1. Quick check: residue separation of residue 48 and residue 33 times 0.36 nm, minus the Cα distance between them. What number comes out in nm?
2. At 222 nm, what value in deg cm²/dmol follows for the chain if DSSP H runs of at least 4 each add -39500 (n - 2.57) and the sum is divided by all its residues, to the nearest 500?
3. Once the piece of chain linking residue 2 and residue 21 is laid out straight, how much longer is it, given 0.36 nm per residue of separation minus the C-alpha distance between them?
4. What three numbers, in Å, describe the spread of the alpha carbons of the range 1-51 along their principal axes, ordered from the longest?
5. By the 4.7 Å beta carbon criterion, which cysteine residues of the chain come out unpaired?
6. Would you check the chain for Lys pairs whose C-alpha atoms are within less than 23 Å, ignoring same-chain pairs closer than 8 in sequence, and give me the count?
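Values in this text are rule-based calculations from the coordinates and carry no lab data. Fair warning: this is a prediction, and the values are worked out from it, not measured in the lab. Heads up, the Cβs are rebuilt from the backbone with ideal geometry, glycines too, and the neighbour counts pull from every protein chain shown.
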Amino acid sequence: MSLYVLHSEKVYIECDMEYSAGKDVSCIIRGATAECVKSALAKINGADYITVKGGEEVNVTISTSVFKAGKTPGELIRELFILLRAC
């Protein structure tokens with residue numbers, strides 16, 4: 001497992017970056033509600049490649065087909081992290 005972790009005082013994101021064809025990137029987000037995550041995603045180009053499941057921990061899945069849009073999963077995660085700090 002290859003982990004990518006971003007954290008601030010409010011938000012913690014941990015993603016399993018070990019992806020391949022047919023295996024997407026999965027992330028756990030703590031410190032932000034599912035509504036906040038969905039609101040932040042509305043501001044990101046490429047967000048249509050991301051699915052969100054809410055709860056106390058928000059689970060996010062990023063499709064590896066995002067490469068077709070000219071973005072990487074890591075770029076989307078960083079953009080999301082920046083926006084979530086404002087929630």
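1. Working: separation 15, 0.36 × 15 = 5.40 nm, distance 1.87 nm.
Answer, rounded to one decimal: 3.5 nm.
2. On the way: 2 runs with 20 residues, N = 87.
The helix-only estimate for the chain comes to -6500 deg cm²/dmol at 222 nm.
3. Working: separation 19, 0.36 × 19 = 6.84 nm, distance 1.58 nm.
Roughly 5.3 nm would be gained on extension.
4. 29, 25, 15
5. When partners are defined as cysteine Cβ atoms under 4.7 Å apart, the chain leaves no cysteine without one.
6. Lysine pairs meeting the criterion: 14.
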